[in-house]
Amino acid sequence: MKKIAMCIPTKNRPEMISRVMRLAPRLYSKYPIDVYYYDSSDNEETERIIKPYLSQYSNFHYVRMDPDISVERKVEMIFAGYGWIERYDYLWPVKDRVRFRESSLDAVMESAERDLDVIFLGGIPRCADRFHSKKSYDANPVELYRDWGWTATSLQTVIFRWSSMLGEDFTVEYFERESVYDYNIYWIQYFWLFYRLAQIPKSRIRVLLGDEAVSYSYQHGKSEWERRVFKVWKEDWVRVNEGLPEIYDGHKGKVILEGASHMSVFGGVDRIKELRDSGILTEENLEDALVDWERVSDVPPAVVRDVVCGVDESHDVSLLAGKVGDVADFIIKMVEMLRQGSLGWEQVPFGKIMQSVRKGQKLNNRLSVAEGVLVEGVLTDMERYADGAEMTSESMQGLLQCLLVLVSLMERRTMETEMAGGEADESI
């Protein structure tokens with residue numbers, strides 16, 4: 001049976017580790033997976049959380065690292081198998097906030113027995129129309145890049161076969177020597193995945209989908225690169241893709257846009273406002289930011305200018321903090337403006353609307369249990385769709401109409417409570 005080394009880098013996130021460790025050790029111990037925590041924290045809090053599990057689960061290991069170690073050196077040591085008690089068949093780098101479902105681990109182990117070069121855990125791509133069945137499938141390097149390049153940036157998505165993808169030769173120095181672009185620490189896994197696959201004749205890749213690719217990620221706040229988002233995602237992300245072998249040339253533009261236009265990077269008006277409010281995108285650096293902007297964002301440059309310069313007042317998002325009826329009115333206004341063409345779908349503050357409805361759903365104790373489950377299921381499906389679909393004005397209208405139904409349900413239950421003489425807190 002093949003063995004996997006799951007390698008988890010962490011630094012100063014004991015609360016996150018504690019949450020993952022409540023469930024992960026008992027599940028992971030069922031499989032030939034050794035879990036290594038690479039801890040470069042400034043204190044011993046993370047170590048105190050992990051150490052008790054080491055005596056209970058022989059497949060868990062703790063590797064203490066220098067708090068001053070650079071990110072690139074840490075990644076190199078992980079990819080070189082630093083701290084391993086034995087040699088493994090596969091290397092699986094994983095974020096410290098992620099854990100996996102049992103069905104996913106079953107699929108990973110089954111795939112590992114096939115001696116694949118890469119096992120890839122997919123999700124719901126923006127090209128979702130090609131994957132209606134959500135069935136796992138075998139792919140070649142170009143297909144993997146075309147369909148999943150934008151998600152391959154996430155650490156936990158790629159499982160590397162040690163002998164063919166890494167091996168004893170892998171070091172940062174080797175990577176820099178072989179690379180054709182300026183070395184950047186944030187894309188070491190991404191670049192190596194597609195660079196190495198292009199070198200292997202008849203490489204073997206399995207893309208896991210559906211129940212075979214389910215992971216749970218805990219909330220973690222802002223990414224470490226947030227203040228350097230333009231350097232990391234507008235400059236280096238473009239350069240690393242352009243530096244990949246020419247077999248991927250036909251899809252580089254698409255992958256660059258899909259990755260950088262994610263809602264956490266440059267996607268959507270809410271994100272542009274966030275960058276403005278945090279002082280990252282200002283009137284002073286606006287014109288530099290908008291150079292080749294269409295390559296990395298689906299928000300039109302004219303809209304970005306309006307947002308940054310403070311003239312984007314087409315809607316009052318303060319209504320979303322008001323009563324249920326105010327939220328309904330806001331959604332109705334958005335739908336009407338979309339129909340009239342006076343508002344682009346990318347200008348709709350969909351993220352804020354979702355947050356408001358979710359908050360209302362949690363506070364609205366007048367919903368029955370069945371209604372609460374229904375609302376939660378619809379909201380979850382909508383979030384997945386909005387994150388994965390090719391959005392249009394029509395599809396945004398459809399999402400807003402669905403939200404309006406849910407908000408109307410909450411408003412109706414509030415009115416029923418009032419008519420029955422009960423206390424009703426309408427605020428969302």
Index of the failed condition, residue 338 passing every other in (1) within 26 Å of residue 300 (Cβ to Cβ); (2) at pLDDT below 65; (3) in contact with a helix residue (DSSP H, G or I) (Cβ under 7 Å, 6 or more places away or on another chain): (2)
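Let's see how each residue does on (1) on the phi < 0 side of the Ramachandran plot; (2) in contact with a Pro (Cβ under 6 Å, 6 or more places away or on another chain); (3) at pLDDT 90 or above; (4) not aliphatic (A, V, I, L, M):
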site: 124; (1), (2), (3), (4): yes, no, no, no
site: 135; (1), (2), (3), (4): yes, no, no, yes
site: 148; (1), (2), (3), (4): yes, no, yes, yes
site: 160; (1), (2), (3), (4): yes, no, yes, yes
site: 171; (1), (2), (3), (4): yes, no, no, yes
Residue check for residue 111: more than 22 Å from residue 164 (Cα to Cα) and either surrounded by 19 or more Cβ atoms within 10 Å (Cβ to Cβ) or not aliphatic (A, V, I, L, M) (or both): no
So residue 17, is it within 24 Å of residue 193 (Cβ to Cβ), in contact (Cβ under 8 Å) with a residue 40 or more places away in the chain and of a type in the set (A, V, I, L, M, F, W, C): no
Of all residues in the stretch 58-74 being hydrophobic (A, V, I, L, M, F, W, C) and part of a loop (DSSP other than H, G, I, E, B), the one that is nearest to residue 225 (Cα to Cα): 69
Filtered residues of the stretch 43-88 (kept if closer than 20 Å to residue 27 by Cα and not aromatic (Phe, Trp, Tyr)): 49, 50, 51, 52, 54, 55, 56, 58, 59, 61
Residue in the stretch 75-83 that is in contact with a Lys or Arg (Cβ under 8 Å, 6 or more places away or on another chain), buried (at least 19 other Cβ atoms within 10 Å of the Cβ), part of a helix (DSSP H, G or I) and in the same structural domain as residue 101 (by TED's automatic domain parsing) present: no
Evaluation of residue 55 against (1) surrounded by 14 or more Cβ atoms within 10 Å (Cβ to Cβ); (2) in a helix (DSSP H, G or I); (3) of a type in the set (Ser, Thr, Tyr) (one fails), failing number: (1)
Among (1) crowded, with 16+ Cβ neighbours inside 10 Å; (2) modelled with pLDDT of 80 or more; (3) among the β-branched types (Val, Ile, Thr); (4) outside the structural domain of residue 225 (by TED's automatic domain parsing), the one test that residue 327 misses: (2)
Some residue of the stretch 350-369 being at pLDDT 80 or above, outside any helix (DSSP H, G or I) and exposed (fewer than 15 other Cβ atoms within 10 Å of the Cβ): no
Residue check for residue 302: small (Gly, Ala, Ser) and at pLDDT 80 or above: yes
Lone unmet requirement of (1) touching a Lys or Arg at 6+ places or on another chain (Cβ under 7 Å); (2) within 30 Å of residue 14 (Cα to Cα); (3) aliphatic (A, V, I, L, M) for residue 275: (1)
Matching residues, the stretch 248-273, being modelled with pLDDT under 90 and among the charged types (D, E, K, R): 270, 271, 273
Given (1) within 20 Å of residue 100 (Cβ to Cβ); (2) assigned to a loop (DSSP other than H, G, I, E, B); (3) of a type in the set (A, V, I, L, M, F, W, C), index of the condition residue 35 fails: (2)
Test for residue 121: is it surrounded by fewer than 19 Cβ atoms within 10 Å (Cβ to Cβ), aliphatic (A, V, I, L, M), in contact (Cβ under 8 Å) with a residue 12 or more places away in the chain and touching a helix residue (DSSP H, G or I) at 6+ places or on another chain (Cβ under 7 Å): no
Looking only at the stretch 1-28, and only at residues there that are modelled with pLDDT under 95 and assigned to a loop (DSSP other than H, G, I, E, B), the one that is farthest from residue 113 (Cα to Cα): 12
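The values are calculated or read from the model by the stated rules, or taken from the named source; none is laboratory data. Note that the coordinates shown come from a computational prediction; the quantities given were computed from them, not determined experimentally. All Cβ positions, glycine included, derive from the backbone under ideal geometry; neighbour counts span all protein chains shown.
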